[in-house]
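S.K.: My questions all concern the structure below.
The values are calculated or read from the model by the stated rules, or taken from the named source; none is laboratory data. Since the model is a prediction, treat every value here as computed from it, not as a measurement. Here the Cβ is made from the backbone with ideal geometry for all residues, glycine too, and neighbour counts use every protein chain on show.
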Amino acid sequence: MRIQAIAAATLLSFAALAAHAEVKEAAPDHLLIQDARTVHAPPQKLYAALIDVAKWWNGEHTYSGDASHLSLKAEAGGCFCEHWNDQSVQHGRVIWAAPGHLLRMDTALGPLQAMAVDGVMTFTLKPAPEGTALQLEYRVNGSGASGLDKIAPAVNGVLMEQLQRLQGYAETGKSAPAKP
(Lines give C-alpha, C1' and ligand atoms only; values in the text may rest on other atoms or scores of the structure.)
Protein backbone atom coordinates (compact mmCIF):
# COMPACT_ATOMS: atom_id res chain seq x y z
CA MET A 1 0.00 0.00 0.00
CA ARG A 2 2.79 2.44 0.91
CA ILE A 3 4.63 1.71 -2.36
CA GLN A 4 1.44 2.43 -4.31
CA ALA A 5 1.04 5.76 -2.50
CA ILE A 6 4.64 6.71 -3.26
CA ALA A 7 4.21 5.73 -6.92
CA ALA A 8 1.00 7.77 -7.17
CA ALA A 9 2.66 10.80 -5.57
CA THR A 10 5.59 10.50 -7.97
CA LEU A 11 3.29 10.34 -10.99
CA LEU A 12 1.33 13.35 -9.76
CA SER A 13 4.51 15.36 -9.32
CA PHE A 14 5.58 14.54 -12.88
CA ALA A 15 2.10 15.47 -14.12
CA ALA A 16 2.37 18.81 -12.33
CA LEU A 17 5.69 19.47 -14.05
CA ALA A 18 4.29 18.52 -17.44
CA ALA A 19 1.37 20.91 -16.97
CA HIS A 20 3.81 23.85 -16.92
CA ALA A 21 6.46 22.76 -19.38
CA GLU A 22 6.04 22.99 -23.08
CA VAL A 23 8.23 22.58 -26.11
CA LYS A 24 6.48 25.30 -28.12
CA GLU A 25 8.55 24.78 -31.27
CA ALA A 26 11.05 22.18 -32.37
CA ALA A 27 12.66 21.84 -35.78
CA PRO A 28 16.10 20.61 -36.85
CA ASP A 29 17.45 24.18 -36.69
CA HIS A 30 15.67 25.58 -33.61
CA LEU A 31 13.75 24.92 -30.43
CA LEU A 32 11.65 27.02 -28.09
CA ILE A 33 10.80 25.92 -24.57
CA GLN A 34 8.45 27.93 -22.37
CA ASP A 35 7.21 27.56 -18.83
CA ALA A 36 4.97 29.68 -16.61
CA ARG A 37 4.33 29.06 -12.93
CA THR A 38 3.54 30.83 -9.69
CA VAL A 39 6.27 30.72 -7.08
CA HIS A 40 5.13 31.40 -3.53
CA ALA A 41 7.85 33.94 -2.80
CA PRO A 42 8.11 37.67 -3.56
CA PRO A 43 10.03 38.67 -6.72
CA GLN A 44 13.14 39.91 -4.87
CA LYS A 45 13.39 36.65 -2.89
CA LEU A 46 12.89 34.55 -6.03
CA TYR A 47 15.53 36.57 -7.90
CA ALA A 48 17.99 36.11 -5.01
CA ALA A 49 17.31 32.36 -5.13
CA LEU A 50 17.69 32.30 -8.93
CA ILE A 51 21.17 33.77 -8.84
CA ASP A 52 22.19 31.48 -5.95
CA VAL A 53 22.38 28.71 -8.56
CA ALA A 54 24.70 26.43 -6.55
CA LYS A 55 21.90 25.91 -4.02
CA TRP A 56 19.24 24.61 -6.39
CA TRP A 57 20.85 23.30 -9.61
CA ASN A 58 21.11 19.52 -9.76
CA GLY A 59 24.79 18.54 -9.66
CA GLU A 60 24.01 15.61 -11.98
CA HIS A 61 23.71 18.25 -14.72
CA THR A 62 27.16 19.75 -14.22
CA TYR A 63 30.53 18.77 -15.65
CA SER A 64 32.08 18.33 -12.21
CA GLY A 65 29.12 16.43 -10.76
CA ASP A 66 28.83 18.97 -7.92
CA ALA A 67 26.54 22.00 -8.06
CA SER A 68 28.55 23.74 -5.34
CA HIS A 69 31.08 24.51 -8.09
CA LEU A 70 28.53 26.73 -9.89
CA SER A 71 28.35 30.51 -9.67
CA LEU A 72 26.32 33.20 -11.37
CA LYS A 73 27.37 36.84 -11.44
CA ALA A 74 24.12 38.68 -12.13
CA GLU A 75 25.31 41.67 -14.14
CA ALA A 76 25.80 42.28 -17.86
CA GLY A 77 28.79 40.21 -18.94
CA GLY A 78 28.60 38.16 -15.74
CA CYS A 79 29.48 34.49 -15.90
CA PHE A 80 27.28 31.50 -15.19
CA CYS A 81 30.34 29.36 -14.54
CA GLU A 82 31.58 26.15 -13.00
CA HIS A 83 35.05 25.90 -11.42
CA TRP A 84 36.64 22.77 -9.96
CA ASN A 85 40.20 21.51 -9.57
CA ASP A 86 42.07 23.10 -12.48
CA GLN A 87 39.05 23.14 -14.83
CA SER A 88 36.30 25.63 -15.61
CA VAL A 89 33.28 25.91 -17.89
CA GLN A 90 31.29 28.95 -18.89
CA HIS A 91 27.70 27.73 -19.11
CA GLY A 92 26.41 31.15 -20.02
CA ARG A 93 26.91 34.89 -20.00
CA VAL A 94 24.44 37.37 -18.52
CA ILE A 95 23.18 39.83 -21.13
CA TRP A 96 20.49 41.54 -19.03
CA ALA A 97 20.07 41.65 -15.26
CA ALA A 98 17.19 43.55 -13.64
CA PRO A 99 17.00 42.36 -10.01
CA GLY A 100 13.52 41.22 -9.07
CA HIS A 101 12.32 41.51 -12.67
CA LEU A 102 14.42 39.77 -15.33
CA LEU A 103 17.54 37.72 -15.94
CA ARG A 104 18.62 36.92 -19.51
CA MET A 105 21.62 34.83 -20.48
CA ASP A 106 23.34 33.84 -23.68
CA THR A 107 23.70 30.12 -23.03
CA ALA A 108 23.97 26.82 -24.84
CA LEU A 109 23.67 24.42 -21.92
CA GLY A 110 25.36 21.03 -21.61
CA PRO A 111 25.74 19.14 -24.88
CA LEU A 112 24.33 22.11 -26.81
CA GLN A 113 27.63 23.91 -26.21
CA ALA A 114 29.55 21.42 -28.37
CA MET A 115 26.93 21.70 -31.11
CA ALA A 116 27.90 25.34 -31.85
CA VAL A 117 24.33 26.55 -31.44
CA ASP A 118 23.15 29.82 -29.91
CA GLY A 119 20.77 29.87 -26.97
CA VAL A 120 19.06 32.66 -25.06
CA MET A 121 17.39 31.90 -21.74
CA THR A 122 15.11 34.49 -20.14
CA PHE A 123 13.62 34.41 -16.65
CA THR A 124 10.85 37.00 -16.22
CA LEU A 125 9.49 37.71 -12.73
CA LYS A 126 6.26 39.62 -12.10
CA PRO A 127 4.43 40.22 -8.82
CA ALA A 128 1.39 37.98 -8.42
CA PRO A 129 -1.25 37.70 -5.68
CA GLU A 130 0.36 34.52 -4.30
CA GLY A 131 4.00 35.49 -4.85
CA THR A 132 5.68 35.75 -8.24
CA ALA A 133 4.64 34.80 -11.75
CA LEU A 134 7.80 33.21 -13.16
CA GLN A 135 8.15 32.75 -16.89
CA LEU A 136 11.01 30.92 -18.56
CA GLU A 137 11.77 31.08 -22.25
CA TYR A 138 14.68 29.20 -23.80
CA ARG A 139 15.37 29.74 -27.51
CA VAL A 140 18.08 27.76 -29.27
CA ASN A 141 19.07 28.18 -32.93
CA GLY A 142 21.62 26.36 -35.06
CA SER A 143 22.13 24.85 -38.47
CA GLY A 144 19.63 22.45 -39.98
CA ALA A 145 22.09 19.64 -39.20
CA SER A 146 21.80 20.34 -35.44
CA GLY A 147 18.81 18.03 -35.00
CA LEU A 148 17.40 20.21 -32.23
CA ASP A 149 13.94 18.71 -32.71
CA LYS A 150 15.29 15.33 -31.61
CA ILE A 151 16.82 16.60 -28.36
CA ALA A 152 14.12 19.17 -27.46
CA PRO A 153 12.24 16.76 -25.14
CA ALA A 154 15.43 15.96 -23.19
CA VAL A 155 16.38 19.65 -22.91
CA ASN A 156 12.85 20.39 -21.72
CA GLY A 157 13.04 17.63 -19.11
CA VAL A 158 16.30 18.93 -17.64
CA LEU A 159 15.06 22.53 -17.58
CA MET A 160 11.79 21.60 -15.90
CA GLU A 161 13.66 19.63 -13.24
CA GLN A 162 15.85 22.66 -12.57
CA LEU A 163 12.85 25.00 -12.39
CA GLN A 164 11.12 22.70 -9.92
CA ARG A 165 14.27 22.74 -7.79
CA LEU A 166 14.49 26.56 -8.04
CA GLN A 167 10.86 26.87 -6.99
CA GLY A 168 11.39 24.59 -4.01
CA TYR A 169 14.50 26.49 -2.93
CA ALA A 170 12.81 29.91 -3.29
CA GLU A 171 9.74 28.78 -1.34
CA THR A 172 11.49 26.86 1.46
CA GLY A 173 15.08 28.07 1.55
CA LYS A 174 16.19 24.44 1.44
CA SER A 175 18.24 22.83 -1.31
CA ALA A 176 16.80 19.69 -2.86
CA PRO A 177 18.92 16.52 -2.86
CA ALA A 178 20.44 15.58 -6.21
CA LYS A 179 18.48 12.34 -6.36
CA PRO A 180 14.92 12.06 -4.99
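S.K.: Of the residues in the stretch 40-82, how many are farther than 11 Å from Leu103 by Cβ, part of a strand (DSSP E or B) and among the hydrophobic types (A, V, I, L, M, F, W, C)?
M.R.: The number of residues fulfilling the criteria is 3.
S.K.: Still on this model: Please tell me if Asp52 is buried (at least 17 other Cβ atoms within 10 Å of the Cβ) and either modelled with pLDDT under 95 or of a type outside the set (Lys, Arg) (or both). Full working, then the answer.
M.R.: Numbers: buried (at least 17 other Cβ atoms within 10 Å of the Cβ): yes; either modelled with pLDDT under 95 or of a type outside the set (Lys, Arg) (or both): yes.
Yes: the conditions hold for Asp52.
S.K.: Does the stretch 141-162 contain any residue that is in contact with a Lys or Arg (Cβ under 6 Å, 6 or more places away or on another chain), among the acidic types (Asp, Glu) and within 21 Å of Thr62 (Cα to Cα)?
M.R.: Our first condition is that a residue be in contact with a Lys or Arg (Cβ under 6 Å, 6 or more places away or on another chain); within the stretch 141-162, this holds for none.
No, because not a single residue in the stretch 141-162 is in contact with a Lys or Arg (Cβ under 6 Å, 6 or more places away or on another chain), among the acidic types (Asp, Glu) and within 21 Å of Thr62 (Cα to Cα).
S.K.: Would you mention how many residues in the stretch 136-158 are surrounded by fewer than 20 Cβ atoms within 10 Å (Cβ to Cβ) and under 11 Å from the mean Cα position of the chain (by Cα)?
M.R.: So the first thing to find is which residues in the stretch 136-158 are surrounded by fewer than 20 Cβ atoms within 10 Å (Cβ to Cβ), and the list is 137, 139, 141-145, 147, 149-151, 153-154, 157-158.
Going one step further and asking which of them are under 11 Å from the mean Cα position of the chain (by Cα), we end up with 137, 157-158.
Here the count works out to 3.
S.K.: To continue, here is another question. When residues of the stretch 83-118 are filtered for being surrounded by 13 or more Cβ atoms within 10 Å (Cβ to Cβ), of a type in the set (A, V, I, L, M, F, W, C) and part of a loop (DSSP other than H, G, I, E, B), how many remain?
M.R.: Result for the stretch 83-118: 3.
S.K.: Would you pick out the residues in the stretch 120-130 that are in contact with a helix residue (DSSP H, G or I) (Cβ under 8 Å, 6 or more places away or on another chain) and surrounded by 20 or more Cβ atoms within 10 Å (Cβ to Cβ)?
M.R.: Within the stretch 120-130, the first condition is being in contact with a helix residue (DSSP H, G or I) (Cβ under 8 Å, 6 or more places away or on another chain), and the residues that meet it are 123, 125-127.
Those that are in contact with a helix residue (DSSP H, G or I) (Cβ under 8 Å, 6 or more places away or on another chain) and surrounded by 20 or more Cβ atoms within 10 Å (Cβ to Cβ): Phe123, Leu125.
S.K.: Here are some residues: Phe123, Phe80. Which one is closer than 24 Å to Arg37 by Cβ and in contact with a Gly (Cβ under 6 Å, 6 or more places away or on another chain)?
M.R.: Values: Phe123 fails: in contact with a Gly (Cβ under 6 Å, 6 or more places away or on another chain).
Step by step, each of Phe123, Phe80 is checked, and only Phe80 is closer than 24 Å to Arg37 by Cβ and in contact with a Gly (Cβ under 6 Å, 6 or more places away or on another chain).
S.K.: Further question on the same structure: Taking the condition of being within 18 Å of His91 (Cα to Cα), part of a strand (DSSP E or B) and touching a helix residue (DSSP H, G or I) at 6+ places or on another chain (Cβ under 9 Å), how many residues in the stretch 132-180 meet it?
M.R.: Qualifying residue count for the region: 4.
S.K.: Scan the stretch 139-180 for residues that are within 17 Å of Val53 (Cα to Cα) and hydroxyl-bearing (Ser, Thr, Tyr) and jot them down.
M.R.: Tyr169, Thr172, Ser175
S.K.: Moving on to the next point. Considering only the stretch 18-49, state which residues are modelled with pLDDT under 95 and surrounded by fewer than 17 Cβ atoms within 10 Å (Cβ to Cβ). So that I can check it myself, show each step before the final result.
M.R.: Here is the first cut: in the stretch 18-49, the residues modelled with pLDDT under 95 are 18-22.
Matches in the stretch 18-49: Ala18, Ala19, Glu22.
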